[in-house]
Amino acid sequence: MRTDYDTLIIGAGFSGLYALYRFRDVLGLRARVLEAGDGVGGTWYWNRYPGARCDSESFYYSYSFSEELEQEWEWTCRYPDQPEILAYLNHVADRFDLRRDIQLETRVVSATFDDVAAVWTVETERVERFTTHYLISAVGCLSATNVPEIPGLERFEGDWYHTSRWPHEGVDFTGKRVGLIGTGSTGIQATPVIAAEARHLTVFQRTPNFSVPARNAPLDPEGWKWIKQNYRALRQLTRESSGGFPYIPSERSAMDVSDEERNAVYEQLWKEGGFKFVFGSFHDITRNKAANDTAAEFIRRKIRETVKDPATAELLCPTDHPYAAKRPPIDTDYYETFNRDNVTLVDIRSDPIVEITKTGLRTGKASYELDVIVFATGFDAMTGSLLRMDIRGAGGVRLADKWKDGPRTLLGLMVAGFPNLFTVTGPGSPSVLVNMPVAIEQHVDWISDCVAYMAEKGVTRIEATEEAEDAWVDHVYEASLETLMHEADSWYVGANIPGKKRVILPYTGGQLVYREHCDETAAKGYAGFELR
Ligand code: NAP
């Protein structure tokens, strides 16, 4: 059957743009992107909240597929802010002439597989229908917004915003009393910036978080020149490291060094800033509780040294979960912000929010008058963006039903019973635990190589087998037991969404091991997949 497209791609973020390039320009297929927003950029299109900035460094939080692109683009600082990354992605769309095959303002609402014709029919909110042979989900891991159901929100007479649906014209906080709910990576980035503008900021904290300074700074021209000269080698390092970062990971255990030596390592990395504190300190801080305790205690000491009011400092010190068992934030002056006269920290763990009122919000014990409420309350991560579409595979089976007890995938790439549907950075892949562009390129390359292989072999249908999927799901779970992630209530395990099944979502075995699994599968003629 002649379909409208060979390949439909849902989403025009980092994944969708690269998928379009690979499918259209490398494979020569008829490919089209459907994107809900009115611009490209995905995460970086939606998340325009104050302080939005990448936690990975600019020179490696970028595509590696084009040396020309790499050489011509100029990053301005160590961690690019949201407008700069959005400008980069727009540049990519222009440079590779991608826009002519991207349809904006087009939200996909359903996708249905026709078992006989082996064709996907995709329907959009605008009531269009497209048929396609291959369907690529590039909807992102953190795009289904979570606004908690707190009674009374509809009564609130002030303004309220979720950080990932921020108004494009910005929000003026001048003279306003602002309440911010949520102290994940987003809340931690937004807090200092909002505090600097608002009349008063009240941060409503349910769980304190461990944050390490980012130490953002302009890129120095000599350093940038060196990076450009050595880009290939740096990219290779990102592909060879577990987290997709160009650092040589530490081989030392935190338990094998003296207290002085360990503290010196932490002090040095605290000064340098960024994720290196996790990946470059000791190999076991995310896996061994005793090793983890040393890092956690170091950060708590820093919090107590920084925050002048001892009661506030104690409230900011996490004690109920290991460091980095939740996604570790990095910050610019987060803890320092609590020394400002116009900032108050409220513990909503001991005194939860009861309702939102016309003029603010109320906990069990107190009322807070607010002009603006900012929800930095995160996402229905990894599965939400897929399940918010009605996806039906072979035999009309709904993905939502198949995943009612948690997502099941093979390599995070395909789902048994959903032929020719590929999920870029899907659940069961390391994605969110890896520097994302590195994870995305690896996934899109694997998928497009697979499609090229199918064309070469003259087969038109690929599907994960149930047995291989079961084995991968088991492996994902077993790998997670080697980490401390089950000891925290985080979105990594679906614990942030009421009613969501508690299941480890990303693959924690590391990018290197994961790549080996993917490469080996391909080398064996896509073992674990049925091709026909
Ligand atoms: P998040 O990590 O899920 O944090 C959400 C925050 O909201 C948590 O503090 C959570 O408290 C709180 N919360 C959720 N529901 C609540 C409720 N009903 N009542 C009170 N508090 C509630 O979300 P996020 O900060 O948006 O970050 C999500 C992910 O996006 C990050 O982990 C990261 O992967 C990515 N991100 C990346 C960057 C970057 O690279 N620049 C920046 C921001 C975000 P509990 O902890 O108690 O659940």
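The values are calculated or read from the model by the stated rules, or taken from the named source; none is laboratory data. None of the values given here were measured: they were computed from a predicted structure. Methodologically, a virtual Cβ is constructed for each residue, glycine included, from the backbone with ideal geometry; neighbour enumeration extends over all protein chains shown. In case anyone asks, the SASA skips ligands and DNA or RNA and just uses the protein heavy atoms, side chains included. Shrake-Rupley method; radii C 1.70, N 1.55, O 1.52, S 1.80 Å.
Report yes if Thr508 is in a helix (DSSP H, G or I) and either surrounded by 15 or more Cβ atoms within 10 Å (Cβ to Cβ) or touching a strand residue (DSSP E or B) at 6+ places or on another chain (Cβ under 7 Å) (or both), otherwise no. No, not satisfied. Screening Ser258 with (1) more than 25 Å from the chain's Cα centre (by Cα); (2) among the hydroxyl-bearing types (Ser, Thr, Tyr); (3) open to solvent by 20 Å² or more (accessible area, probe 1.4 Å); (4) within 16 Å of the ligand (Cβ to nearest atom) gives one miss only, at (4).
Restricting attention to the range 264-286 and to residues that are under 24 Å from Glu240 (Cα atoms), at pLDDT 95 or above and among the charged types (D, E, K, R), the residue that is least open to solvent (accessible area, probe 1.4 Å) turns out to be Asp284.
Scanning the range 173-210 for residues that are in a loop (DSSP other than H, G, I, E, B) and away from the ligand (no atom under 14 Å from the Cβ), we see that the one that is most open to solvent (accessible area, probe 1.4 Å) is Arg199. Looking across the range 338-353, the residues that are more than 15 Å from the ligand (Cβ to nearest atom) and either closer than 16 Å to Pro151 by Cα or not aromatic (Phe, Trp, Tyr) (or both) come down to Asn339, Arg340, Asp341, Asn342, Val343, Thr344.
Scanning the range 141-172 for residues that are of a type in the set (Gly, Ala, Ser) and more than 9 Å from the ligand (Cβ to nearest atom) yields Ser143, Ala144, Gly152, Gly158, Gly170. Going by the conditions given, is Gly140 on the phi > 0 side of the Ramachandran plot and buried (at least 21 other Cβ atoms within 10 Å of the Cβ)? Taking the combined requirement at face value, the residue satisfies it.
Inclusion of Thr423 among residues that are away from the ligand (no atom under 14 Å from the Cβ) and of a type in the set (Ser, Thr, Tyr) is warranted.
Just one of (1) open to solvent by 50 Å² or more (accessible area, probe 1.4 Å); (2) within 16 Å of the ligand (Cβ to nearest atom) fails for Arg107. It is (2).
Taking the range 354-398 and the strands (runs of 3 or more DSSP E) fully enclosed by it, the elements with 2 or more residues that are surrounded by 17 or more Cβ atoms within 10 Å (Cβ to Cβ), at pLDDT 95 or above and within 16 Å of the ligand (Cβ to nearest atom) are at 360-363, 372-375.
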